[in-house]
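The values are calculated or read from the model by the stated rules, or taken from the named source; none is laboratory data. Note that this is a predicted model, so its numbers are computed, not measured. Methodologically, a virtual Cβ is constructed for each residue, glycine included, from the backbone with ideal geometry; neighbour enumeration extends over all protein chains shown.
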């Protein structure tokens, strides 16, 4: 089984999607996301999307591809920092609750309450008993969410150990990406098996019929972005509200009635 998985990962790593084909398909999907956005607002839907996965699996890039052409007032990205001292004394899920979607919103969590089942457990920020209690309760918590009308979608991005190493090393070597490499990433790098065990127990406990997990292989970042956006569009049935409605610019009217003041603007230097 292990050899077969490694062979599949290597094959996936070789078959990189051409940039031109990627950008063409991404543009088409962006148009569909705009249609979905209008439907969510019109119907007052509440959509919550969780992104979890290995360090370096491409969660940030996938979220960016998903949200770069839609309104941040509708598609809201939540990436919480480490809990404050006050938040550590609260009920565990409390700080996440205030970020859940209201009507007409899509909230995307860049890591979520599943931190307790993953990084907190592996890195010793909570006890094994606390992590297991969380896994006992979380299906009920998510059932409460879905029964309140929230459409909950959970993604796990999986990447091979070899590709993870390559990407993390790339962050070290590229000054533009160094901010992506946290001290926690470095500490957790040597704990691959511990994260695998935590992932497997998390799936076993929280992969429910009302809030299933969807895994996406992320050896090729372009492919995983297209695959997840396509899948996401299928999870929220929508209709094109713009169909048959032609949009035309109104007449501008006469220009020049007002004479602008010769204000001494501080201009940005044109270096290019």
What single numbered condition from (1) without any contact (Cβ under 8 Å) to a residue 24 or more places away in the chain; (2) touching a helix residue (DSSP H, G or I) at 6+ places or on another chain (Cβ under 6 Å) fails to hold for residue 243?
(2)
Determine, yes or no, whether residue 171 is more than 23 Å from residue 230 (Cα to Cα) and at pLDDT below 95.
yes
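Exposed (fewer than 13 other Cβ atoms within 10 Å of the Cβ) and in contact (Cβ under 8 Å) with a residue 12 or more places away in the chain, is that true of residue 179?
Judged against the criteria, residue 179 is not a match.
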Identify the single condition in (1) under 36 Å from the mean Cα position of the chain (by Cα); (2) on the phi < 0 side of the Ramachandran plot that residue 250 does not satisfy, given that it satisfies every other one.
(1)
Mind checking whether some residue in region 153-173 is surrounded by 13 or more Cβ atoms within 10 Å (Cβ to Cβ), farther than 17 Å from residue 57 by Cα and touching a residue at least 40 places away in the same chain (Cβ under 8 Å)?
yes
With respect to residue 87, determine if the residue is in a helix (DSSP H, G or I) and surrounded by 16 or more Cβ atoms within 10 Å (Cβ to Cβ).
no
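From the list 220, 240, which one is out of contact with any strand residue (DSSP E or B) (no Cβ under 7 Å at 6 or more places or on another chain), more than 30 Å from residue 162 (Cβ to Cβ) and either surrounded by 12 or more Cβ atoms within 10 Å (Cβ to Cβ) or modelled with pLDDT under 95 (or both)? Give the derivation first.
On the way: 220 fails: more than 30 Å from residue 162 (Cβ to Cβ).
When all the criteria are applied, what remains is 240.
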Checked against (1) within 24 Å of residue 169 (Cβ to Cβ); (2) modelled with pLDDT of 95 or more, residue 189 satisfies every condition except (2)
